[in-house]
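Asks: Questions regarding the structure given below will be posed in turn.
What follows is calculated from the coordinates using simple rules that are stated; it is not laboratory data. These numbers come from a predicted model, not from an experiment. All Cβ positions, even for glycine, are placed from backbone atoms using ideal geometry, and neighbour counts span all protein chains on display.
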Amino acid sequence: MHVQQDEKLKCGDEMFAILIDSGTTNSRIRLIDSETNQITDSEKVRIGVRNTAIDGHNGELKSHLHKGLGRLLERNCLTAFDVEYIVASGMITSNLGLYEVPHIIAPAGVDNFVESSKVVSLKEFYEIPCVFVPGMSNAVSDCIRPIDAINQFDVMRGEEVESIGLLKQMDLHGKGIIVLPGSHTKFVIVDHDRTLISCLSTLGGETLMAMQKETILSDSLSPNLVQEIDEAMLLKGFEAAKSYGLTRSFYHIRLLQLFENLTENERANYFVGSVIYNDIQSLFGSIEAIEDFDWIVIGGTNPLKRSFAYLLNQMREKWKVIEANDLQVENSLVIGAQEIANKMNRDRFVNRKEKK
């Protein structure tokens with residue numbers, strides 16, 4: 001949650017933590033009150049590892065995150081010594097980020113992420129101790145050539161923290177699956193003891209955006225795609241992909257514009273439904289004994305969160321489909337990051353308040 005400027009905490013005895021979640025194109029810096037675990041302010045920085053890939057170096061990423069962190073501190077009348085630590089997750093820990101931490105191999109629980117996290121003080125982060133959280137990769141036998149078993153391979157960075165945060169907030173029992181739709185749809189497989197068993201990724205979100213921006217469908221769909229959920233059209237697109245294949249269902253969007261009096265929003269729902277069908281089929285085709293799972297939780301943001309929840313409910317599988325609410329989604333990164341930080345050896349952090 002955000003607070004108005006005149007309500008923000010001024011310099012005092014409070015201690016804070018900062019969370020940085022950095023993706024492909026954007027990064028989010030959140031200021032956390034260590035005592036209440038509440039978000040008191042945040043700064044969105046339009047920078048990600050895509051810039052590193054294009055530029056060939058991470059200079060812009062360093063500069064923009066440094067400036068964003070500075071704005072957040074200044075706006076809240078804080079110095080670096082008021083911040084006990086930073087937790088950084090996502091693509092910031094990749095080879096294109098600020099500090100590379102190798103993926104840990106699944107299965108992995110919170111303690112495994114704690115043990116493999118690295119605490120580093122960088123000048124870009126005002127020498128505040130920063131916990132760089134590793135991502136996770138699937139366990140695959142070394143004797144298997146990737147080309148012969150490529151579907152067993154997968155990786156994630158950032159979603160492991162989000163998954164830990166969602167699990168912490170929910171009363172779940174048995175094995176389950178966390179669905180995290182976004183630029184990439186991530187399916188995270190969870191064991192009875194809340195260990196993350198494996199992950200599975202698709203280009204679902206990027207497919208939606210690329211098809212809308214770079215193909216003939218640009219004329220049939222609005223740039224914002226779904227404005228409001230239309231359950232009937234979601235289901236029609238879902239069934240079209242099932243019956244005729246994904247790329248044919250894409251061409252349906254063009255035909256619906258030519259021969260049917262539908263709104264852009266209705267066509268967008270049809271489009272999203274077809275892509276979600278393909279994502280779900282990827283999951284079902286990759287996971288053995290899918291019927292043994294007890295629950296499936298959908299995180300991420302709307303409209304994809306609600307779309308996945310509706311379509312999964314239509315499939316009438318035996319497991320319980322749970323749509324995480326917006327507050328649970330917003331808090332998932334905070335709670336997951338704090339869960340890791342709170343289990344760290346506190347001697348790895350400098351007592352920064354004494355240095356103020």
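Asks: Could you pull out every residue, at least 5 positions away or on a different chain, whose amide H is within less than 5 Å of the one on Ile298? Hs are placed 1.01 Å off N in the peptide plane, and Pro or chain starts have none.
Replies: It is Val179, Ile322, Glu323, Ala324, by chain and number.
Asks: Quick check: net charge around Gly300, other residues with Cβ under 13 Å of its Cβ, Lys/Arg +1 and Asp/Glu -1?
Replies: -3
Asks: Running a GNM on the chain with Cα contacts under 10 Å, which residue among Ile47, Ile29, Ile147 ends up with the highest mean-square fluctuation?
Replies: Of the options given, Ile147 has the highest mean-square fluctuation.
Asks: Restricted to Cα positions, what overall size does the range 266-343 have along the principal axes? Three whole-Å values, descending.
Replies: 43, 34, 19
Asks: Something else about it: Where does the chain land on the Kirkwood hydrodynamic radius, alpha-carbon pairs, in angstrom?
Replies: So the Kirkwood estimate lands at 21.6 Å.
Asks: Expressed as an acute angle from 0 to 90° and rounded to the nearest 10, what is the orientation of the C-alpha long axis of helix 326-342 relative to the principal long axis of the chain?
Replies: So the helix axis and the longest Cα principal axis differ by about 40 degrees.
Asks: Can I ask one more? Separation of the range 185-232 and the range 106-180 by C-alpha centroid, Å?
Replies: 20
Asks: For the ranges 180-188, 109-117, what's the packing order if you count other beta-carbon atoms within 10 Å of each residue, average per peptide, and put the highest first?
Replies: Ranking, from highest mean packing down: 180-188, 109-117.
Asks: A further question follows. Would you please calculate the Kirkwood hydrodynamic radius of the range 210-285 over all C-alpha pairs and express it in Å, rounded to one decimal?
Replies: 12.1
Asks: Could you tell me how far the Cα centroid of the range 306-341 sits from the Cα centroid of the range 33-64, in Å?
Replies: Centre-to-centre (Cα) distance: 25 Å.
Asks: Taking the Cα centre of the chain as origin and charging only Cβ (+1 Lys, Arg; -1 Asp, Glu), how large is the dipole, in debye to the nearest 20?
Replies: Roughly 620 debye, rounded to the nearest 20.
Asks: Quickly work out the Arg75-to-Asp111 label distance, labels modelled 7 Å from Cα along the C-beta direction, and quote it in nm with one decimal.
Replies: 3.9
Asks: Take every Cα pair under 8 Å in the range 188-233 that's 6+ residues apart, average their separations, divide by the length, and report that relative contact order as a whole percent.
Replies: Relative contact order, the range 188-233: 19 percent.
Asks: Just the projected area, averaged over all directions, of the convex hull on the alpha carbon atoms of the range 37-194: how many nm²?
Replies: 11.3
Asks: In deg cm²/dmol, rounded to 500, what helix-only [θ] at 222 nm does the chain give when every DSSP H run of at least 4 residues adds -39500 (n - 2.57) and the total is split over its residues?
Replies: -12000 deg cm²/dmol
Asks: May I ask for the net charge around Asp230, where only other residues with Cβ less than 15 Å from the Cβ of Asp230 are counted and Lys, Arg are +1 while Asp, Glu are -1?
Replies: Every neighbour counted, the sum reads -3.
Asks: For the range 187-327, what D do you get in µm² per second when you plug the Kirkwood radius from alpha-carbon pairs into Stokes-Einstein at 10 °C and 1.306 mPa s?
Replies: The Stokes-Einstein estimate is 101 µm²/s.
Asks: Right, next: Return the distance in nm (one decimal) between the two label points of a simple spin-label model at Arg194 and Glu260, each offset 7 Å from Cα along Cα→Cβ.
Replies: 4.4
Asks: Taking the Cα centre of the range 25-156 as origin and charging only Cβ (+1 Lys, Arg; -1 Asp, Glu), how large is the dipole, in debye to the nearest 20?
Replies: Roughly 500 debye for the range 25-156.
Asks: If amide H atoms are built 1.01 Å from N in the plane of the peptide, which residues on other chains or at least 5 residues away come under 5 Å of the amide H of Gln38?
Replies: Excluding prolines and chain starts, which carry no amide H, the hits are Asp33.
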